[in-house]
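What follows is a short report on a single structure.
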Amino acid sequence: MSESPPPKNRHTTARYFLEGLQETGIRYLFSNLGTDHVTLIDEMARLQAEGQAMPEVVLCPHENVAIHMAGGYAAVTGQGQGVMVHVDAGTANAAMGMHNLMRARLPVLLMAGKAPYALHGEVPGARDNYVHYVQDPFDIASLVRPYIKWEYNLPSGVVAKEAVRRAHSVMHTEPAGPVYMTLPRETLIEPWTPEQVKSYPADRYGAVRMGALPAEATLQIARELMAADNPLVITSYLGRKAEAVQALEALAELCGIRVVEFSPSWLCISRESPCFFGFDPTPLLPDTDWGLLLDIDVPWLPHQTRAREDTRWVHIDVDPIKKDFPAWGFASDVRWPADCAQALRDLHQAVLSLADDAFHQKVAHRMAGWRAQRQQRLERVAAAAANPGPEDALNPAWVCAQIGLQLRPDDVVINEAIRNSPAVLQQIPRTRPMSFLGGAGGGLGYSAGMALGVKLARPHDRVVHIEGDGGFHFSTPTSVYAVAQAQGLPILTVVLDNGGWQAVKEAVLRVHPDGPASQAGEFQARLEGEKRQFEQVAQAFGAHGERVTRAEDLPAAIARCLHALEQGRAALLVASVAKI
Ligand SMILES: Cc1ncc(C[n+]2csc(CCOP(=O)(O)OP(=O)(O)O)c2C)c(N)n1
Ligand SMILES: [Mg+2]
């Protein structure tokens, strides 16, 4: 049945819905479309023909790229975007990315059309295709329910803008995270007059802000911090707000606090800060009498690391109860939900108001005592990268150090190197907020999509993501380089190819060090093949791609890849590192 245009002065729900997205400030719809989106597609064309503003559609051949692009964009801007997918099938493909975004507390509005409910052509938009019978599961939202903080099925066009506003406000309210909306096809085509569909402005319906610490809590924490002998901060995602990084650096220097990033998903402190103590709290815990956990989900692994029983812990976090962790288990003595940037600035003020000369001298003395320890750490890091490694078995630490030599401070590095993460963390100098991102979730194949999203948000900076050969397969790479080409988003991919899943092998060895798998040296983890030329996947979509097996070829190869970026082409560099 062909649908006639809506009567004069009436517009479809789809149009009001698109207007609602535009009103909230959503700039991009990372989309993978289907029969459910027909009226949206029609209205997009109408809005364009009329010269009306609407979010830009970024077509992604695979939903994995769409959802992680939204993640990367949100990670560096704080702004949640839209991801439009096809019924249950597209939702299922996006689900792993929803897991990653939920764990990173990144806002995103995932939207899926619904298969039509009208079976006999009773209303416009009714079923007209075989797939409509098979794409109507009982509980479509169950595909992503563990990863969302809000879900809604759009019941009518009259609430189109209200529902979008609500989705937008909920996803940005801390702890931020994904929301999910379904859009029935018949609802999208229903006509309404503009008076029937009201707007809901941000100033009255917007997101709720996370507050500061109460004044008395700030004073108490400041007093404890000032009295501590060896204070320590452990953090992972405080850098999700750039201003929190400066606040932490300033407080750490004022008070002489050692700062560790454990499994960072954002850079939280400059690696050049005198207070930066690396990525592992284990060696520091024995002499830590007072610790501050800031925006962190897992401060250490209790299986291998023990904190002192008498260390006093204060925990300030956007989500200190860890509402999405069924089991958690880290003790603390004081717990506050708060915006860390604000909390740290307030603590800074409180310390200044309480500090006397004796305090400043104590801090100076303590920091002077760190020099040797810091020097030793830097020497260990340098030693790890000293040997380039033989042909086809390059040393990942050396490879990362070489990449670091050619990067600029504002370039963004995204880490998905799994067992080679220490090399990425330690060998690539990073100083600026938002110049380093890591994964927060456990779903592999995120960094390429994130890199595209970051590049979209920061077109003038170079974006480099570093992944394993396993991660490359997971990233849906044909979709990655297709989007890079079509959207003009030149990113650099570095694949540390160790011939398989080192993480899986190590996991077996941790639990069954002397078991039959270990004895046979067979861990079901080798990805073998006569031909494994990842670079050709990138080349197939117009990107520059090359493989390096010998150390002496690497510096020039990195330079060629960066040159390709300058020319607007994505690049893929495969480094053949030591095999598992
Ligand atoms: C979607 C998904 N599937 C499977 C896993 C399990 N897994 C964790 S690490 C890993 C191996 C990753 O291999 P690679 O990226 O090459 O890194 P390496 O372990 O070699 O350092 C696998 C399969 C996962 N985390 N996510
Ligand atoms: Mg690997």
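In table form, for the structure just shown:
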| quantity | calculated |
| --- | --- |
| Out of GLY438, GLY468, sole residue that is touching a residue at least 40 places away in the same chain (Cβ under 8 Å) and closer than 15 Å to ALA75 by Cα | GLY438 |
| Qualifying residue in the range 513-531 (condition: out of contact with any Leu (no Cβ under 9 Å at 6 or more places or on another chain) and in contact (Cβ under 8 Å) with a residue 60 or more places away in the chain) | no |
| GLU467 vs. criteria more than 20 Å from the chain's Cα centre (by Cα) and within 15 Å of ligand 1 (Cβ to nearest atom) | no |
| Within the range 243-271, tally of residues that are part of a helix (DSSP H, G or I) and of a type in the set (Gly, Ala, Ser) | 4 |
| Residue within the range 451-463 that is among the charged types (D, E, K, R), surrounded by 21 or more Cβ atoms within 10 Å (Cβ to Cβ), away from ligand 1 (no atom under 16 Å from the Cβ) and closer than 19 Å to PHE30 by Cα present | yes |
| Pair list, Cβ < 6 Å and 6+ apart or interchain, from the range 441-461 residues that are under 22 Å from GLN502 (Cβ atoms) to residues that are of a type in the set (Phe, Trp, Tyr) and outside any loop (DSSP other than H, G, I, E, B) | LEU444/PHE474; GLY445/PHE474 |
| Close pairs from the range 27-50: first outside the structural domain of PRO191 (by TED's automatic domain parsing), partner of a type in the set (Asp, Glu) and assigned to a helix (DSSP H, G or I), Cβ under 7 Å, at least 6 apart | none |
| When residues of the range 415-441 are limited to those that are assigned to a loop (DSSP other than H, G, I, E, B) and within 16 Å of ligand 2 (Cβ to nearest atom), the one farthest from ALA104 (Cα to Cα) | ALA417 |
| For VAL318: the one exception among (1) in contact with a Pro (Cβ under 7 Å, 6 or more places away or on another chain); (2) buried (at least 23 other Cβ atoms within 10 Å of the Cβ) | (2) |
| Complete set of residues in the range 63-121 that are out of contact with any Asp or Glu (no Cβ under 9 Å at 6 or more places or on another chain) and of a type in the set (Asp, Glu) | GLU63 |
| Meets criteria (within 26 Å of GLY442 (Cα to Cα) and assigned to a loop (DSSP other than H, G, I, E, B)) for ASP297 | yes |
| Scope the range 563-580; condition within 16 Å of ligand 1 (Cβ to nearest atom) and part of a strand (DSSP E or B); matching residues | LEU572, LEU573, VAL574, ALA575, SER576, VAL577 |
| Some residue of the range 416-427 being away from ligand 1 (no atom under 15 Å from the Cβ), within 21 Å of ILE269 (Cα to Cα), at pLDDT 95 or above and of a type in the set (A, V, I, L, M) | no |
| Extreme residue, nearest to ALA242 (Cα to Cα), among residues of the range 270-292 that are surrounded by fewer than 18 Cβ atoms within 10 Å (Cβ to Cβ) and polar (S, T, N, Q) | SER273 |
| Yes/no for PHE474 being closer than 27 Å to ALA451 by Cα, within 16 Å of ligand 1 (Cβ to nearest atom) and among the aromatic types (Phe, Trp, Tyr) | yes |
| Hits in the range 333-350 - residues which are touching a Lys or Arg at 6+ places or on another chain (Cβ under 9 Å) and not in a helix (DSSP H, G or I) | ASP333, VAL334, ASP339 |
| In the range 1-23, the residues that are among the basic types (Lys, Arg) and modelled with pLDDT of 90 or more | ARG10, ARG15 |
| Meets criteria (touching a Pro at 6+ places or on another chain (Cβ under 8 Å) and in the same structural domain as ALA115 (by TED's automatic domain parsing)) for ILE234 | no |
| The range 128-140, residues that are crowded, with 18+ Cβ neighbours inside 10 Å and not in a loop (DSSP other than H, G, I, E, B) | HIS132, ILE140 |
| Every pair of residues 6+ apart whose Cβ atoms lie under 6 Å, when the first sits in the range 487-500 and is among the acidic types (Asp, Glu) while the second is within 16 Å of ligand 1 (Cβ to nearest atom) and modelled with pLDDT of 95 or more | ASP497/ASP469; ASP497/VAL574; ASP497/SER576 |
| Selected residue (criterion: farthest from the chain's Cα centre (by Cα)) from residues of the range 403-414 that are surrounded by fewer than 21 Cβ atoms within 10 Å (Cβ to Cβ) and assigned to a helix (DSSP H, G or I) | LEU405 |
| Count - residues of the range 543-576 that are small (Gly, Ala, Ser) and surrounded by fewer than 16 Cβ atoms within 10 Å (Cβ to Cβ) | 3 |
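Residues are listed down the side, and each one gets a yes or a no for (1) touching a strand residue (DSSP E or B) at 6+ places or on another chain (Cβ under 6 Å); (2) aliphatic (A, V, I, L, M); (3) in contact (Cβ under 8 Å) with a residue 60 or more places away in the chain:
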{"site": "ILE269", "(1), (2), (3)": "yes, yes, no"}
{"site": "PRO283", "(1), (2), (3)": "no, no, no"}
{"site": "ASP295", "(1), (2), (3)": "yes, no, yes"}
{"site": "ALA307", "(1), (2), (3)": "no, yes, no"}
{"site": "VAL318", "(1), (2), (3)": "no, yes, yes"}
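The values are calculated or read from the model by the stated rules, or taken from the named source; none is laboratory data. Just so we're clear, the structure is a prediction, and the values are computed from it rather than from any experiment. Every residue, glycine among them, receives a Cβ derived from its backbone with ideal geometry; neighbour counts consider all protein chains shown.
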